[in-house]
There are 2 protein chains.
Amino acid sequence: MDKYEKVIELAKRRGFLWNSFELYGGAAGFYDYGPLGSTLKRRIEHIWRELYIIHEGFMEIETPTIGIEEVFVASGHVSGFSDPLCECRKCGEAFRADHLVDNMIDVADALSNTELDILIKDNDIKCPECGGDLGDAYEFNLMFRTAIGPGSGRAGYMRPETAQGMFINFQRLSKFYRDKLPFGVTQIGKSYRNEISPRQGVIRLREFTQAEAEIFINPHNKTHPNFERFSGTLVNLYSEDGQERGTIEQITIGDAVKQGIIAHEYLAYHIALTNHFLWRVGISPDHLRFRQHKKDEMAHYAIDCWDAEIETDRFGWIEVVGIADRTDYDLNAHAKTSKTELYVYIEYDEPKMVTNFVVKPDMGKLGPAFKGKAKSVANVLKDMTREELEQDVIKVIVNGEEFIVSPDLVKFTEERVKVSGENVVPHVIEPSFGIDRILYCTMEHAFNEEMVAAQEETGSNKSKDPKKEKRIIFKLKSEIAPVQVAVLPLMTKSELIEPANKIVAVIRDRGLLVSYDDSGTIGRRYRRNDEIGTPYSITIDYESLDDKSVTIRDRDSMDQVRTPIENIGNLIYELVYGEREFKNAGVPV
Amino acid sequence: MDKYEKVIELAKRRGFLWNSFELYGGAAGFYDYGPLGSTLKRRIEHIWRELYIIHEGFMEIETPTIGIEEVFVASGHVSGFSDPLCECRKCGEAFRADHLVDNMIDVADALSNTELDILIKDNDIKCPECGGDLGDAYEFNLMFRTAIGPGSGRAGYMRPETAQGMFINFQRLSKFYRDKLPFGVTQIGKSYRNEISPRQGVIRLREFTQAEAEIFINPHNKTHPNFERFSGTLVNLYSEDGQERGTIEQITIGDAVKQGIIAHEYLAYHIALTNHFLWRVGISPDHLRFRQHKKDEMAHYAIDCWDAEIETDRFGWIEVVGIADRTDYDLNAHAKTSKTELYVYIEYDEPKMVTNFVVKPDMGKLGPAFKGKAKSVANVLKDMTREELEQDVIKVIVNGEEFIVSPDLVKFTEERVKVSGENVVPHVIEPSFGIDRILYCTMEHAFNEEMVAAQEETGSNKSKDPKKEKRIIFKLKSEIAPVQVAVLPLMTKSELIEPANKIVAVIRDRGLLVSYDDSGTIGRRYRRNDEIGTPYSITIDYESLDDKSVTIRDRDSMDQVRTPIENIGNLIYELVYGEREFKNAGVPV
């Protein structure tokens, strides 16, 4: 069993992840979050919201998961969001054509369909399922398609990213933020990708959760007002140069900008914030790097783009976050398709004096000369250049009709005017998080097995038995652990159950998720809680009745402290949210 | 302008609700939640989670919004989830056939398509859009359909409710809860309904958010262990009898069960919990009632079903929550379609002695008599009744072939055995919340206009001007208000801005959403915050620099208190979450 299998086995058994539609044989590319998985996911999202919404001030919006066709025509998804598909002529099974050849060539996903066909033919590649002949590769659009309303309806698609819902609200958002750059907006929600043939379990889903921020900034100023916060932060960068050399470099965010590795401060700040978030949810820093998109893989409009990649046991380095400077591409695309100007007016720090060329047609003379057409002629004149107006005769064309205007009918001049600002299409910085993959990685990085004494009892009853057994521990950060504390009466006796239930109620009132467990030996109950990552367990024993104290056990160290019941709710809250260290939680046992 | 228009106007202007896809002309049945609307929604969901997940212990799961066909065949949605559709033969516009006649008849939605056709013809109803002739009514399935995977793919549907994702996980869930009834599970997420022609704005959406709980209980015991909590709670019941009489009755939950109005304690408990939730998010109790489904509208399998209905200005009483005893219908439906038994084993309190009738065919005699068929004959005998076996000759049919068995070849007897439990298909109690409608209702019930003095200034600078102006206030409960506190320096001067920003940081660290606003007069800033429902505003003035105190203003009363800056973070937290009354927040100004 590799680590993926071990994690998934545990995840299924203990209610983190389940195959969707298992009762009906399942469907590839879909996973359910069980009670513990769903809670873990909510906690990861909660931390994301705390960082991006509360602290950065990028307010969240919620737009539909179904989108109308116009949106995805503008975004390019209708024409370009596809994978090469290759079907077996014998059994009909469908494959990603590039996946069929990706062990032969480095850049399989960059090949054209014709190139893929040639490779498949030349190498005599057959259907991996039945050995049959494969058909030609063709583009398969990865959006789930549906129809809105009755009949054939209006074409609709399940959104492939949450981003477009934010771009098309640009005007509303800009007004909400009183037209002041920079401003940011976020969305956490489902996105969809109708994968041809997903075979990587929870890593490649057809329905997944994204947390995305779109930050609209002034294209003339990509410094970050709060850059100092992260300039000393060390990150693992796998830059374009580094990829050439095959080396990952540990460098501070400040130096990376200074040396021109990261394009500018704004992008660098968000790489650092991503780094901070991933560390906070428990990703091991040694298995985290930021990989720069190479020139030939980066979208043509992007200035710079970095992927946060996490190293996993089975799948190697997988992309979990993309952080890109998308320039004004998206706003321009929607402006063009919707025929609506999308910009903000930016006031200069100081008004500027600029020279304007001004044409003044003499209406007193044009009127008699051109009668009813005089106004149209004047309008054309106003748009002409100095060069055109300095000709001996000026030709004006109105609706295909030519008029000759004598130069004395029009005056022109240069005027110095004060301009206090300009209309600007903002650039967009986009950090885009794949929550499901991050969640899986927190589980894989938290998964531990170790040999411990077979009998672990409460402090007053420690066993001397040297027999060893395997302990599985999910070393989830206490802030994201689904069950935050377990309450365990030493025996199933009412005199212990009653105070235990009281403690449960007190802790619950602090908003913590607490489990009560009285079945099996205390050692087995510890193991169960170790497996699901419960960071702290409270044991109530007979001494508790006299000394009004309980034992708290720390999951990772298995250390135990004795502490008064009186303040237990606040104490556990402080432990879970990192406001108190375990060694300060009571008297060591 | 009716109240709906006023609320929606404000909601659009201030970033609560926006028409989706406005940039492309919009699409009926879809709404966006802007920054404030999305935050309001998260807070309502948070309270729901606190009540149902943390306190009731019904863990949340998350299943895909796309479902495979088998699930919705079993649930009945493929065959039965439809509305009667009627198209105009001239302009092609589509209408709900029952809506075309619902001002003529009380139970339009209970009519068959033929009955609808007759009514439309007899009353000479024409297309409301163009006056053209209407075609015959036919059933239109309301699920959004899509295809999973390439080619024509596998049929998939956007789920019409979150419930099915919980039912089909019954086995996994039962194991998670160690096969002990009752247990509950919840899901908050998107559901979809491809409405024929939605015309009620935010009240009838094609994509909406549900919060549903499925509680699996012992069908032999529908008492609730915690019933005492609510037995004295008064609710407005609009029972089946009450609907006959046209009266809503205010009655305690306990009496409603005693008098047989609500079927049993478990359902009654969840009606009361729904009542509590709706009160907590700010629904006015005077405009809330629970309406019992009449026998003829209730699903045939349900025992009892109540809708929480909220009174709105434009739409009258609208359903926002359904609370039903769905019996074992859903589990049986999935058991049948999936050919999997779905039950839990329930141990009796005391083992029971039961009498079993046992048939013992004498194989020593049957063998010689029936040779190779002897075993089949014996198996049939084992299932026969005492009456059949007491005949003079016993007829046994095996695969259509008849055998005559002499009575002496088979013995039967009665045995007393101890049985300690049985397999039971649980019944399901389902509270199902429509979050979008509830959110709209919190806004409508919070919307207020009042006339106040035109100039409202801080305490030290109160105006004597008696001129009046209209004040719009969103009297949202402080717990759900999107912006929880506004920080307002009296003047845009750095000596005030700096301490204001410090206060913002302190409050933000308490996890509260705080806005900083320094533009416009203090009166205008109060109005802006009144409009978005910010419960408290903090003003920093020049005196603050000396006395290290600030003024807090209460949105609803406009009262102001002066309080030290030192403890401002905790103070605001306590005010927002109802742990402190405003009158105890400082010295009245």
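The values are calculated or read from the model by the stated rules, or taken from the named source; none is laboratory data. Fair warning: this is a prediction, and the values are worked out from it, not measured in the lab. Neighbour counts run over all protein chains shown; Cβ positions are idealised from the backbone, glycine included. SASA here: full protein model, heavy atoms, side chains in, ligands and nucleic acids out. Shrake-Rupley method; radii C 1.70, N 1.55, O 1.52, S 1.80 Å.
Brief remarks follow.
- For the chain pair A and B, the buried solvent-accessible surface (1.4 Å probe, both sides summed) amounts to about 6700 Å².
- Axis-proximal residue, chain A, for the rotation superposing A on B (Cβ, Å): A:T146, 2
- Rounded if a/c under 1.5, otherwise prolate or oblate - the range B:120-276, Cα gyration tensor axes: oblate
- Euclidean distance of C-alpha centroids, the range A:544-565 and the range B:89-165, integer Å: 64 Å
- Cys residues of chain A that find no other Cys beta carbon under 4.7 Å: A:C86, A:C305, A:C441.
- Against the main long axis of the alpha-carbon atoms of chain B, helix B:494-509 sits at an angle near 10°.
- In the range B:533-579, trypsin sites (Lys or Arg not before Pro) in a DSSP loop with at most 11 other beta-carbon atoms within 10 Å: B:K548
- Spatially proximal lysines relative to B:K121 (Cα-Cα < 29 Å; intrachain offsets below 8 disregarded): B:K90
- Relative to the other identical copies, B:I472 shows label-point distances of 5.7 nm, where the label point lies 7 Å from Cα along the Cβ direction and values run shortest first.
- Relative packing of A:476-485, B:565-574, which averages over residues the other C-beta atoms within 10 Å, highest first: A:476-485, B:565-574
- Rolling a 1.4 Å probe over the heavy atoms of the protein chains gives the protein assembly as shown an accessible area of 44 Å² per residue.
- Gyration tensor (alpha-carbon) shape descriptor, the range B:357-415, a/c threshold 1.5: prolate
- Here B:K418 is the anchor, and the aspartates and glutamates within straight C-alpha reach of less than 20 Å, apart from those fewer than 8 places off in the same chain, are B:E347, B:D349, B:E350.
- In Å², nearest 10: area of A:K411 left accessible to a 1.4 Å probe: 120 Å²
- Antiparallel DSSP beta bridges within the protein assembly as shown, percent to nearest 5: 90 percent
- In the range B:266-313, the GluC sites (Glu not before Pro) that fall in loop regions by DSSP, at most 14 other Cβ within 10 Å: B:E297
- Reach of B:K371 by Cα under 28 Å, taken over lysines that are not fewer than 8 positions away in the same chain: B:K360, B:K382, B:K395, B:K411
- Sites B:E240 and B:E347, calculated FRET efficiency, Cβ-Cβ separation with R0 41 Å, nearest 0.05: 0.65
- In this simple spin-label model, placing a label point 7 Å from the Cα along the Cα-to-Cβ direction at both B:V589 and A:E402 gives a separation of 7.6 nm.
- Pairs beyond 19 Å (Cα-Cα), from A:K3/A:K41; A:K12/A:K475; A:K175/B:K468; A:K470/B:K180; A:K470/A:K583: A:K3/A:K41; A:K175/B:K468; A:K470/B:K180; A:K470/A:K583
- A simple spin-label model places the labels of B:E388 and B:R13 8.0 nm from each other, with each point 7 Å out along Cα-to-Cβ.
- Where the Cα pairs of the range A:458-588 fall when distances are cut into 10 Å bins, in %: 13, 49, 34, 5, 0
- If R0 is taken as 41 Å, the Cβ-Cβ distance between B:N218 and B:K475 corresponds to a FRET efficiency of 0.40.
- Taking the label point 7 Å along Cα→Cβ, A:P225 and its counterparts in the other copies are spaced 5.4 nm apart, in ascending order.
- Computed from the Cβ-Cβ distance with R0 of 22 Å, the FRET efficiency linking A:E543 to A:M491 stands at 0.95.
- In nm, spacing of pseudo-spin labels at A:A299 and A:K126 (7 Å Cα→C-beta vector): 4.2 nm
- Helix-only mean residue ellipticity at 222 nm for the protein assembly as shown, each DSSP H run of n ≥ 4 adding -39500 (n - 2.57), per residue, nearest 500: -8500 deg cm²/dmol
- Shortest first, B:R524 label-point distances to identical copies amount to 7.1 nm, with the label point at 7 Å from Cα along Cα→Cβ.
- Rg/Rg_globular for the protein assembly as shown, with Rg_globular taken as 2.2 N^0.38 Å and Rg from C-alpha atoms: 1.09
- For the range A:252-309 and the range B:430-450, distance of Cα centres in Å: 42 Å
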